[in-house]
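Engineer: Please find one structure pasted underneath; my questions will follow.
Read-outs throughout are calculated quantities, based only on the coordinates presented, and are distinct from any laboratory measurement. Everything numeric here is computed off the predicted structure, so don't read it as measured data. Cβ placement follows ideal geometry from the backbone for every residue including glycine, while neighbour counts extend to all protein chains displayed.
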Amino acid sequence: MTKLWVNWAGDQQCTPARLCAPRDQAELSAELARAAEAGHRVRVAGSGHSFTETCLTDGLLLDLSRMNRVLEADPATGLARVQAGTTLAALNARLDEYGLAFPNLGDIDVQTIAGATATGTHGTGGRLPNISAALHAVELMTADGHIVELTEESDPQAWRAARVGLGALGVVTAFTLKLVPSFVLEGVERPVPVDEVLADLDSYIDGNDHFEFYMFAHSPIAMTKRNNRVDLPAAPRPEPVDWFADILLSNHAFDALCRLARRRPGLIPWIQRGAAYAGSYRRQVDRSYRVFTSPRLFRFTEMEYAIPREHSVAAIREIKEIAQRFDSPMPIEVRWVAGDDAFLSPAGGRATCYIAVHQYQGMAHEPFFRACEAIFDRYDGRPHWGKRHYQTAETLRGRYPDWDRFAAVRRHYDPDGRFANAYLDRVLGPVSATEDAIDQLG
Ligand SMILES: Cc1cc2nc3c(=O)[nH]c(=O)nc-3n(C[C@H](O)[C@H](O)[C@H](O)COP(=O)(O)OP(=O)(O)OC[C@H]3O[C@@H](n4cnc5c(N)ncnc54)[C@H](O)[C@@H]3O)c2cc1C
């Protein structure tokens, strides 16, 4: 039986010594004991939607997709206990039955809740932090099979580390989520000149619950998306309309244009201007999670950086300009979130603008992404942990005020680096290097 594991984008793969999907804590702890005996290091894969090497291992690779239940939910308190391998899609549907919802979500819903929170996955909304801010408790199994329940009260330092933990502390087995009552969103998409958006950016961000836009390097038009809570009944679009908008236009037609661009890069400016011109007004009134997310059927790779919100306009202009010098048919996406206090959250301690650049499958991404990264570096950018970047522990440490605190928690929960891999060695450094930080735990 092949043990090859490949991520969604198809550009990260590994052949672990053992790949298994435990059904419960007992099976999981037996797997960890067996890995210890064999001297294997351990990683967990969620839905494989990270573009980085974060899941890769030649040791034990765990898949928690069979630990995928909502264990309990209480509409009165807004608290729900869920297993870590549950996908956001499954959670959204189940939680809605209890009248509960996430206050904010990203573009897609196929990630697991553990994978999404481990990398600081986010949506958009100047007043709303990233998805991991909806965590109320994290249940973690350490390498020796021991279970700890981390909350703000039980261990404030570990709590701030575990919310965006990069899979570096142990296997997350369950969460308690703090949710909000279900709500309906009105989503309005409208093309607006980029210059017009940037001239009045704060009003767009602060005047909407959720504001984002995407734009093409070679077009002056931004496709804006405003999602706002409304006191209206959900009016799901008829299925054929959904299919036409989300599947045919946004996926198949755009995929065909990208394939053409890959064959004939000289056409990219024309393709982008045409695609932006074809962008039209769209309105949707539906349950929040159906407005936030949509399917992504074609493959690409991505870099995304979190920069301080006050630099939004300057950085957006620079990224748009540099993108004109590289051959990528894909858009630049811009979003905003509120700051939070997780040690390694890219939005930690500051109101944040996220800027993402993409490259279509089979086209060179590295020169383009490196040129963008040089710009993000000047704005004290922090990379999305699940998206491509070229940083190391040395270049990142100064960008996170609580870096050493995270290192100390990591050393406490995984002193032997059993949950490390080459990616974590690169971006966090080896666990042993954190010895001098142990007194940070206080
Ligand atoms: C098409 C597409 C759209 C995307 N849209 C957005 C977006 O809108 N906003 C955004 O911020 N990001 C977005 N992303 C990035 C994505 O949300 C993150 O990369 C996320 O981490 C993927 O979740 P996953 O379940 O696939 O986790 P994986 O990628 O499989 O794993 C991510 C990390 O979590 C760890 N992990 C997973 N489960 C556990 C566990 N039980 N215990 C310990 N560690 C664990 C893994 O080891 C790994 O380090 C998108 C990615 C794609 C491909």
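Engineer: Can you give me the ranges of the strands (runs of 3 or more DSSP E) entirely in the range 1-96 with at least 1 residues that are buried (at least 22 other Cβ atoms within 10 Å of the Cβ)?
Structural biologist: Qualifying strands (runs of 3 or more DSSP E): 42-45, 60-63, 79-83.
Engineer: Since residue 37 meets every condition but one in (1) among the acidic types (Asp, Glu); (2) within 24 Å of residue 149 (Cβ to Cβ); (3) more than 21 Å from the chain's Cα centre (by Cα), which condition does it not meet?
Structural biologist: (2)
Engineer: Let me ask something additional. What number of residues within the range 166-188 are within 16 Å of the ligand (Cβ to nearest atom) and on the phi < 0 side of the Ramachandran plot?
Structural biologist: Summing the residues that are within 16 Å of the ligand (Cβ to nearest atom) and on the phi < 0 side of the Ramachandran plot in the range 166-188 gives 11.
Engineer: Just to verify a result, which residue in the range 263-289, among those that are without any contact (Cβ under 8 Å) to a residue 40 or more places away in the chain and among the aliphatic types (A, V, I, L, M), is surrounded by the fewest Cβ atoms within 10 Å (Cβ to Cβ)?
Structural biologist: The selected residue is 278.
Engineer: While we're looking at this one, here's another question. In the range 235-258, what count of residues is obtained for those that are in contact with a helix residue (DSSP H, G or I) (Cβ under 6 Å, 6 or more places away or on another chain) and either under 23 Å from residue 289 (Cβ atoms) or not in a helix (DSSP H, G or I) (or both)?
Structural biologist: 0
Engineer: Starting from the range 380-398, take each residue that is of a type in the set (Phe, Trp, Tyr) and list its partners that are in a loop (DSSP other than H, G, I, E, B), counting only C-beta distances under 6 angstrom and pairs at least six apart or across chains.
Structural biologist: 385/119; 385/120; 385/166
Engineer: Go through (1) more than 12 Å from the ligand (Cβ to nearest atom); (2) touching a Phe, Trp or Tyr at 6+ places or on another chain (Cβ under 6 Å); (3) more than 19 Å from residue 413 (Cβ to Cβ) for residue 150 and report which single condition fails.
Structural biologist: With (1) more than 12 Å from the ligand (Cβ to nearest atom); (2) touching a Phe, Trp or Tyr at 6+ places or on another chain (Cβ under 6 Å); (3) more than 19 Å from residue 413 (Cβ to Cβ) applied to residue 150, the lone miss is (3).
Engineer: Being of a type outside the set (Gly, Ala, Ser) and more than 6 Å from the ligand (Cβ to nearest atom) is the filter here, so list the residues in the range 45-62 that pass it.
Structural biologist: 51, 52, 53, 56, 57, 58, 60, 61, 62
Engineer: Which of the residues that make up the range 97-115 are crowded, with 24+ Cβ neighbours inside 10 Å, closer than 20 Å to residue 351 by Cα and near the ligand (Cβ under 6 Å from one of its atoms)?
Structural biologist: If the condition is that a residue be crowded, with 24+ Cβ neighbours inside 10 Å, closer than 20 Å to residue 351 by Cα and near the ligand (Cβ under 6 Å from one of its atoms), then no residue fits.
Engineer: Another question about this same structure. Which pairs turn up if I take residues in the range 182-197 that are under 28 Å from residue 233 (Cβ atoms) and look for partners that are assigned to a strand (DSSP E or B) and of a type in the set (Asp, Glu) with beta carbon separation below 9 Å, at least 6 apart in sequence or on another chain?
Structural biologist: What qualifies is 184/286; 185/286; 186/286; 187/286.
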